[in-house]
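First comes the structure, then the notes that go with it.
The values are calculated or read from the model by the stated rules, or taken from the named source; none is laboratory data. None of these values were measured; they are calculated from a predicted model. Counting neighbours? That spans all protein chains shown, and the Cβs are built from the backbone with ideal geometry, glycine included. Remember, those area values only see protein heavy atoms, side chains included, never the ligands or the DNA or RNA. Shrake-Rupley method; radii C 1.70, N 1.55, O 1.52, S 1.80 Å.
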Amino acid sequence: MRKYIFILAFLAFTIPTRVAYGQSPKGTIRGTVIDKVTQVTLPGANVLLLNVNPIVGTTTNEEGDFRLDGVIAGRVSLKISFLGYKEVVLNNLILNSGKELVISAEMEEKVMTAKEVEIVASMSKQTPINSMTSVSARGFTIDETQRYAGSRNDVARMATNFAGVTGASDARNDIVIRGNSPLGLLWRLEGVDIPNPNHYGSSTATGGPVCMLNNNLLAHSDFLTGAFPAEYGNAVSGVFDLRMRNGNNEKHEFLGQVGFNGFELGAEGPLNHENGSSYLVNARYSTLEVMEKMGADFGTGTGIPQYKDASLKINFPKTAVGSFSFFALGGISDIRIWDSKKDTTSEKVDFYAGEGFDLTNGSRMVTAGLVHVVPLSRSSYLKSIVSGAFHQFITTVDSLNPSDVRDKYQIYNNDLQQKYFTFQTQFNHRFSSRSNLKAGAITRLIWNDLTENVWFNEDDGLRMTSDYTGHSTLLQSFVQWQYKFSDNLTANTGVHFLYYALNSTWSAEPRLGFRWSISPNKTISLGYGFHSQLNPINVYFRQSRMADGSFVRLNESLGLLRSHHLVAGYDWSVAENTRVKLEAYAQFLDKAGVNGNKPSYFSLLNEGANFGFWYPDTLKAQGTGRNLGLELTLERFLSKGLYYLATVSLYDSKYKGSDGKLRSSAFDGGYVVNALVGKEFELWKSRADLRKSKNTLGFDIKYTRSGGQRYTPGIVVPDPATDGQTYKLEYDFDKAYTLQYKDYQRFDLKITWRRNGKRITQEWAIDIQNLFDQKNIYSEKLNKKTGERSFTYQMGLLVIPQYRIIF
């Protein structure tokens with residue numbers, strides 16, 4: 001009951017009593033129109049505001065800029081046209097009265113042919129920013145990360161709504177793409193590959209409970225799930241290619257927000273009006289302590305997560321030597337999940353530490369970069385980036401005496417630190433309207449300082465399993481070429497090269513893709529990619545104790561994980577705002593790390609969905625795997641206040657360990673079904689003037705169902721380490737991952753009310769996750785004292801209020 005009392009108090013405090021206006025709130029739309037390939041501005045482009053009467057429009061000035069003032073706040077659509085370019089239509093953008101809508105519209109040059117062809121000349125929000133993608137790529141906007149029920153303003157959780165993607169658990173945002181381990185994902189920000197950008201995110205994972213990346217700062221970005229272009233390397237399952245937007249360079253604007261991800265303050269504005277420079281800054285502080293008081297259970301037992309993060313971007317678009325921008329992202333997180341402090345009268349879920357243990361954990365991450373873009377001609381430009389990053393993950397685990405929890409001893413600790421310094425450069429050139437080239441090189445210096453200690457019974461104490469301080473170099477280069485046979489047929493080809501100096505392993509990776517518009521509303525696409533990836537960094541530096549007492553690193557020469565992607569797709573625009581997309585894929589992996597000591601089920605392909613993992617002290621790169629699947633998407637983009645998205649993904653994920661047996665992988669759920677629908681209602685709309693309003697009430701609902709998590713069977717036996725006084729689970733690893741928990745399913749509901757004042761926009765939302773409190777199994781636990789087995793369940797009903805103000 002107390003959770004509802006807190007929510008009602010929250011709403012009563014924030015919702016104003018006056019909801020009507022005598023005058024419609026208005027806002028400004030402005031932006032820049034540029035060539036998609038060369039990034040040069042396009043003076044004289046026509047910009048038209050759609051769905052208004054009388055017609056409102058303008059043209060871009062000599063610098064490619066446009067401005068529309070006095071536009072009624074709410075959903076707006078733009079059409080942009082320019083001679084020799086494909087028309088761009090931007091539908092259902094949000095214009096708030098408290099914030100200018102600033103856009104950067106990229107236009108694609110037409111291929112001039114003797115025979116005129118019919119072109120579907122529009123750009124929807126799902127169109128990737130990267131024009132050299134052929135298959136398995138989708139663009140997404142801030143609006144989608146904020147709109148979808150259950151996403152928590154998190155780009156990774158948002159992506160689980162797309163075909164081929166599922167979450168590993170409710171407690172973390174690790175994503176499983178087409179049956180792959182979450183380790184196969186690459187995070188890229190402002191063109192730079194970055195460490196795990198999640199609070200409590202380890203170096204052996206790509207996810208965590210809360211994402212540091214603030215969706216309020218993101219621009220239109222890309223998400224790729226297979227056969228990606230040659231500019232992406234060191235990944236085998238997917239890529240988040242994220243872009244931060246520029247701050248407003250004409251007026252100062254501010255944002256305040258409170259919700260699941262924290263108390264948040266943001267500001268943006270001009271630094272110098274003459275040269276168009278701007279700043280964008282945002283900071284957040286954890287609110288989960290407040291949420292816990294409202295009755296929320298985050299699966300952290302006695303611990304309450306404490307974290308904070310900040311983001312920054314400074315942009316200087318007009319200097320004598322090109323444009324410069326500086327970006328930074330950083331976060332700190334700490335938690336103590338101590339079973340010794342457990343209130344035995346309160347039943348709290350603990351996904352992380354487990355019964356009989358005290359877990360202390362923290363992480364630190366910061367990344368920053370300076371980006372320089374200089375035009376070399378009207379057809380080419382050079383982009384160079386200097387960046388650095390630091391990532392630290394710290395853990396200690398204490399075992400408790402069952403008879404006296406104050407008596408404990410340490411059984412595990414680690415301190416994993418990595419520092420990166422990266423220099424990269426990229427050359428873009430357009431030979432003609434048919435032919436484009438992109439080439440680049442990346443040099444990354446890596447410093448590692450890794451320590452790890454594990455309790456060994458034979459030692460009756462801790463043994464140092466990692467003790468490494470040193471550096472190495474990762475070199476990558478690529479070239480990719482796009483050729484348009486016509487406006488209907490495009491080929492994208494390229495090659496990526498990767499070299500890891502630590503053990504002199506390397507890979508040359510060809511990429512190839514085609515897109516063929518067989519009619520104005522139907523497209524066939526084909527793609528192939530050879531991809532490789534480094535193993536988790538601590539795997540290389542795991543040390544083993546020899547018979548003479550010395551320590552040796554046996555995995556330092558472990559080879560790269562390799563993957564071949566084959567994808568075929570069919571995209572049908574059945575109506576102006578509705579499409580059906582079908583993709584089939586086959587992925588074949590080899591050189592996966594498996595047990596090098598003996599025949600075993602173990603493979604690194606099954607790891608990466610938690611903070612860390614166990615692995616044998618000796619690995620060999622002889623494991624294989626394969627993922628086969630079929631994906632169907634039916635989507636209506638937001639139009640007249642209505643959208644829906646339905647996806648069905650069928651897949652089969654198999655692997656072989658060093659014992660040579662073909663098994664289901666840990667991520668072989670078999671299927672995923674998502675269904676989302678949302679409706680926005682305009683309130684107090686004037687019948688006399690359709691341009692008046694604009695308060696909106698939105699309802700978004702989501703249903704998801706997927707195959708249950710796989711697990712290994714086991715039986716309860718007395719533990720000989722305690723002379724049979726306690727019990728343990730003895731697993732049958734010959735049958736690893738042969739069993740599945742019951743299917744996962746849940747409903748999420750989000751209700752949003754947006755109010756536009758004269759100069760202020762306010763938004764209230766209630767996000768109800770797992771609406772019907774579905775009991776989805778997370779894992780099985782054992783009471784060591786009694787030998788009784790029971791289930792730990794995923795998140796139950798979780799009610800998340802949110803308030804945002806923009807002015």
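Quick notes
- Counted residues, the stretch 133-172 - those being closer than 18 Å to Arg579 by Cβ and part of a loop (DSSP other than H, G, I, E, B): 10
- So Val594, is it in contact with a strand residue (DSSP E or B) (Cβ under 7 Å, 6 or more places away or on another chain), crowded, with 21+ Cβ neighbours inside 10 Å, among the β-branched types (Val, Ile, Thr) and within 27 Å of Ser504 (Cβ to Cβ): yes
- 1 or more residues touching a helix residue (DSSP H, G or I) at 6+ places or on another chain (Cβ under 8 Å): qualifying strands (runs of 3 or more DSSP E) within the stretch 590-674: 619-639, 642-656
- Cross-chain or 6+ apart pairs with Cβ under 7 Å, the stretch 30-53 first and of a type in the set (D, E, K, R), then assigned to a loop (DSSP other than H, G, I, E, B): Arg30/Glu100; Asp35/Leu42; Lys36/Glu108; Lys36/Ser131
- Of the criteria (1) open to solvent by 50 Å² or more (accessible area, probe 1.4 Å); (2) in a strand (DSSP E or B); (3) farther than 22 Å from Thr206 by Cα, which one Phe421 fails: (3)
- Any hit, the stretch 461-474, residues being without any contact (Cβ under 8 Å) to a residue 40 or more places away in the chain and touching a Ser or Thr at 6+ places or on another chain (Cβ under 8 Å): yes
- Residue in the stretch 246-262 that is among the β-branched types (Val, Ile, Thr) and open to solvent by 10 Å² or more (accessible area, probe 1.4 Å) present: yes
- When Ser433 is tested against (1) assigned to a strand (DSSP E or B); (2) surrounded by 16 or more Cβ atoms within 10 Å (Cβ to Cβ), just one condition goes unmet, and that condition is (1).
- Qualifying residue in the stretch 344-357 (condition: in contact with a Phe, Trp or Tyr (Cβ under 6 Å, 6 or more places away or on another chain) and either open to solvent by less than 40 Å² (accessible area, probe 1.4 Å) or modelled with pLDDT of 95 or more (or both)): no
- Of the residues making up the stretch 622-670, those that are open to solvent by less than 50 Å² (accessible area, probe 1.4 Å) and aromatic (Phe, Trp, Tyr) are Phe637, Tyr643, Tyr651, Tyr655, Phe667.
- Scanning the stretch 500-511 for residues that are in contact with a Leu (Cβ under 9 Å, 6 or more places away or on another chain) and surrounded by fewer than 18 Cβ atoms within 10 Å (Cβ to Cβ) gives Ala501, Asn503, Trp506, Ala508.
To keep it simple, each residue is scored yes or no on (1) closer than 30 Å to Phe357 by Cα; (2) modelled with pLDDT of 95 or more.
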site: Tyr727; (1), (2): yes, no
site: Lys735; (1), (2): yes, yes
site: Lys742; (1), (2): yes, yes
site: Arg754; (1), (2): no, no
site: Arg759; (1), (2): no, no
site: Arg789; (1), (2): yes, no
site: Pro801; (1), (2): no, no
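- Test: residue in the stretch 400-414 that is free of Cβ contacts under 8 Å to residues at least 12 places away in the same chain, open to solvent by 50 Å² or more (accessible area, probe 1.4 Å) and of a type in the set (D, E, K, R): yes
- Subset of the stretch 127-175 (residues that are closer than 18 Å to Arg746 by Cα, open to solvent by less than 10 Å² (accessible area, probe 1.4 Å) and of a type in the set (Val, Ile, Thr)): Val165, Ile175
- Checking each residue in the stretch 748-807 for being loosely packed, with under 15 Cβ neighbours inside 10 Å, in contact with a strand residue (DSSP E or B) (Cβ under 7 Å, 6 or more places away or on another chain) and among the acidic types (Asp, Glu) picks out only Glu780.
- Among residues of the stretch 570-596 that are on the phi > 0 side of the Ramachandran plot, those with a beta-carbon under 8 Å from a residue that is open to solvent by 40 Å² or more (accessible area, probe 1.4 Å) and in a strand (DSSP E or B) at least six positions away or on a different chain give the pairs Lys591/Arg562; Lys591/Gln622.
- The criterion of being of a type outside the set (Gly, Ala, Ser), more than 27 Å from Tyr468 (Cβ to Cβ), modelled with pLDDT of 95 or more and open to solvent by 50 Å² or more (accessible area, probe 1.4 Å) does not hold for Pro520.
- From the options Phe263, Phe240, residue that is within 22 Å of the chain's Cα centre (by Cα), part of a strand (DSSP E or B), farther than 21 Å from Gly31 by Cβ and at pLDDT 95 or above: Phe240
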